[in-house]
Structures are given as structure tokens and as C-alpha cells.
Amino acid sequence: MVTLSEFNSTAGERLRTDLLTCCDVPEWADAVLADRPYADIDGVLARADELAAGLSGADVDRALAAHPRIGERVTGTGTGSAWSRQEQAGVGQDVAIAAQLLDGNRAYEKRFGRVFLICATGLSAEQILTNLHERLANDDAAEAAVVAGELRKIAVLRLRKVFEQ
């Protein structure tokens, strides 16, 4: 856990790792740090969201590489792995749904050339699967905008965890 005072005063390199776990885009992390000090945590979150809105397609692709496929068992002991397990808690262990998610992920990756990303916190496996199927009908530009929006949600959600752990 980091307090706002610590966030504002800690050397950037020490916080950069946490920020990159929220969103693996170095320029985004550096910009969040460069705008310190913040008056409150909501200010940090708002600025992080604003900066994430400006991510390029290449930035989004880079950040996606740090995310596991939805529905796959997340291994690893790092913070990012732990957060992914928490975020995907609603996926559950239903074998039929897991198989459908696997098939859906394959279809999505074939269609769009990247992993399916959704801010899964609070969503059931059925809701995620429905969203995946709906998004398969998007054109490339519409889907790129949805993915960028989902990435923003995840980045801000994870940054909030930096302060709440």
C-alpha cells in the first residue's frame, strides 16, 4: 500500500514498477509520475485515466501483451498475476463455460489478432462470454476503441489497488 504522501514523494523508479503493473506502457507510467504532486487520490486516478485515453494503438498492443487470456488459469506469484486472478474471479470453474471462453478467445484472436480484453471485475463468466460474442461483430476500428476503453478501466482499477492494498 502506498499513501498519497508516499506516492507524491517516493523516487519515481520505485513507483514505476507498480504503475507498469497497472498498465504496461512506460510513457504512461512516466507521465503519471511527472505530474506529481497530486492533491488527492482521485486526482491521481483521474490523471491516469486521462493519460490512458491518449494511448496509441502500439501502446495498447504493448499493454495487452501483459494480460492473460480471459478464462485461462493465471499462474505466477507477482502482483499482476494476483490482480488478474482477482479480476477473473467471476469466471469460475464451470467446465462448459471455460470451453466456450477458450473457443471464443480463439475466434477473437483470429478475427482481431490480439487477446480479448475485458475489465472482468464483477462480471460473471456468462456476462464475459456474451460480451465476447457481441464484440466479435465489431469492425476493427470499433473494437480497437472498446479495447482501449477496457484497458483504461483496468489501469485505473489497478492503480486504485496500489493505494488500497
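The values are calculated or read from the model by the stated rules, or taken from the named source; none is laboratory data. Just so it is clear, the structure is predicted and the values come from calculations on it, not from any experiment. FYI the Cβ positions are ideal-geometry reconstructions off the backbone, even for glycines, and counts take in every protein chain you see.
What are the residues in the range 115-144 that are within 20 Å of L45 (Cα to Cα) and exposed (fewer than 15 other Cβ atoms within 10 Å of the Cβ), if any?
Result: G122, single match.
For the range 1-45, give me each residue that is touching a residue at least 24 places away in the same chain (Cβ under 8 Å) and part of a loop (DSSP other than H, G, I, E, B).
Those that are touching a residue at least 24 places away in the same chain (Cβ under 8 Å) and part of a loop (DSSP other than H, G, I, E, B): M1, V2, T3, C23, D24, V25, R36, P37, Y38, D40.
Of the residues R160, R114, which single one is among the basic types (K, R) and modelled with pLDDT under 95?
Selected residue: R114, the only one of R160, R114 that is among the basic types (K, R) and modelled with pLDDT under 95.
For the range 57-76: of the residues being more than 21 Å from P26 (Cβ to Cβ) and charged (D, E, K, R), which is modelled with the highest pLDDT?
R69
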